[in-house]
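The values are calculated or read from the model by the stated rules, or taken from the named source; none is laboratory data. Remember, predicted model here, so these are calculated numbers, not experimental data. Note: ideal-geometry Cβ built from the backbone for every residue, glycine included; neighbour counts use all protein chains shown. We work out accessible area using only protein heavy atoms, side chains counted, and drop any ligands, DNA or RNA first. Shrake-Rupley method; radii C 1.70, N 1.55, O 1.52, S 1.80 Å.
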Amino acid sequence: MLSASDIKLKKNKGEKVSMITAYDFAFAQIAEAAGVDQILVGDSLANTMLGYKSTREVGMNEMLIFVGAVCRGAANTHVVADMPFGSDANPQLALDNARRFLDVGASSVKLEGVPEGVIENLLAHDVPVCGHLGLLPQTAANFKQKGQSEEEAAKIMADARYIDSLGCFEFVLEHIPEALGTQITQAVDAVTIGIGGGRFTDGQVLVMHDALGMHNRKIPPFATKFADMYSVGVEGIRKYIESIK
Ligand code: KIV
């Protein structure tokens, strides 16, 4: 299993880092069998697994069930647990919740933005932290690309430099211009993982349901569908129904 420092070494060697979301035992096994570097148990499970509109609908109780299942399914893969909305509201609460994730097998935690004192406290207690900048779904007013204005781009760059200086081993850059993703990647020691951050980040992450076509809804402009599991599933169940008849 890759540790946080192994992942940073990949950047130093110029090797790309692969990350995909998974939320349950079965798909964690598939991701591990495919050889992905990291599995993110994202709070996007609110949408993909539970059918909610917002990621704000899930809390620690739900996340712990899914993180535990993924860790059992991919025991040899670095699992990043996403801190759900409100779980990192202050440094002590964040530490307590992060420890609950580590206790069920996660290797690191991810959190959105730069909540005051939180990253500092997690790192001071040896919890590896993956940041998340750009579009922040838990608090965003809309899902438009971030960092288009000079001012917004400068703020994202400043936050990136700051969390890098604190010691985050990596961070996700979501839905920002490619040029900004590239500049940040060159400016920081941390590994940058893009999702709509352009082609030149150190690695990429996709939501598994988008990447494997596990639904028939529109996928975000920056996602790519590499398989069509929705159609395969419908077809398989149709054949099953026919076989009963
Ligand atoms: O929750 C999630 O799946 C995420 C990814 C989109 C990076 O945060």
>> To test your reading of the geometry: what angle, between 0 and 90 degrees and rounded to tens, separates the Cα axis of helix 229-244 from the longest principal axis of the chain?
In response: 20 degrees
>> Let me make sure I get this right: for segment 64-147, a, b and c are the square roots of the gyration tensor eigenvalues over alpha carbons, sorted descending. Under 1.5 in a/c it's rounded, otherwise prolate if a/b > b/c, else oblate. Which is it?
In response: oblate
>> Quick check: convex hull of the Cα atoms in segment 133-173, volume per residue, rounded to a whole Å³?
In response: 70 Å³
> When the helices in the chain are scored as -39500 (n - 2.57) per DSSP H run of 4 or longer and the sum is shared across all residues, what 222 nm value do you end up with, to the nearest 500 deg cm²/dmol?
Replying inline: -12500 deg cm²/dmol
>> Sorting check: for 43-52, 231-240, 72-81, 139-148, which peptide has the highest mean count of neighbouring beta carbons within 10 Å, and how do the rest follow?
In response: 72-81, 43-52, 139-148, 231-240
>> Quick check for you: with a 1.4 Å probe and neighbouring chains kept, what is the accessible area per residue of segment 1-108, in Å²?
In response: 44 Å²
> Can you give the net charge of the other residues whose Cβ lies under 11 Å from the Cβ of Pro84, counting K and R as +1 and D and E as -1?
Replying inline: -4
>> Just to be sure I understand the model, the point goes 7 Å from the Cα along the line to the Cβ. What's the resulting Thr224 to Glu151 distance in nm?
In response: 3.6 nm
> From the Cα gyration tensor of segment 1-129, with a ≥ b ≥ c the square roots of its eigenvalues, which class applies: rounded if a/c is under 1.5, or else prolate if a/b is larger than b/c, or else oblate?
Replying inline: oblate
>> Compute the angle between helix 178-187 and the longest alpha-carbon principal axis of the chain, please, reported from 0 to 90 degrees and rounded to the nearest 10.
In response: 50 degrees
>> Report the gain in length on full extension from Ala179 to His125: 0.36 nm times residue separation, minus Cα-Cα distance, nm rounded to one decimal.
In response: 16.0 nm
>> Taking just the alpha carbons, could you work out the radius of gyration and Dmax for segment 94-244, both in angstroms?
In response: 18.5, 62
> What is the gain in length, in nm to one decimal, between Ile244 and Leu93 on full extension, counting 0.36 nm per residue of separation less the C-alpha to C-alpha distance?
Replying inline: 49.1 nm
> Say the cut-off is 24 Å between C-alpha atoms; which of Lys10/Lys53; Lys8/Lys144; Lys16/Lys110; Lys8/Lys110; Lys13/Lys144; Lys53/Lys144 go over it?
Replying inline: Lys10/Lys53; Lys8/Lys144; Lys13/Lys144
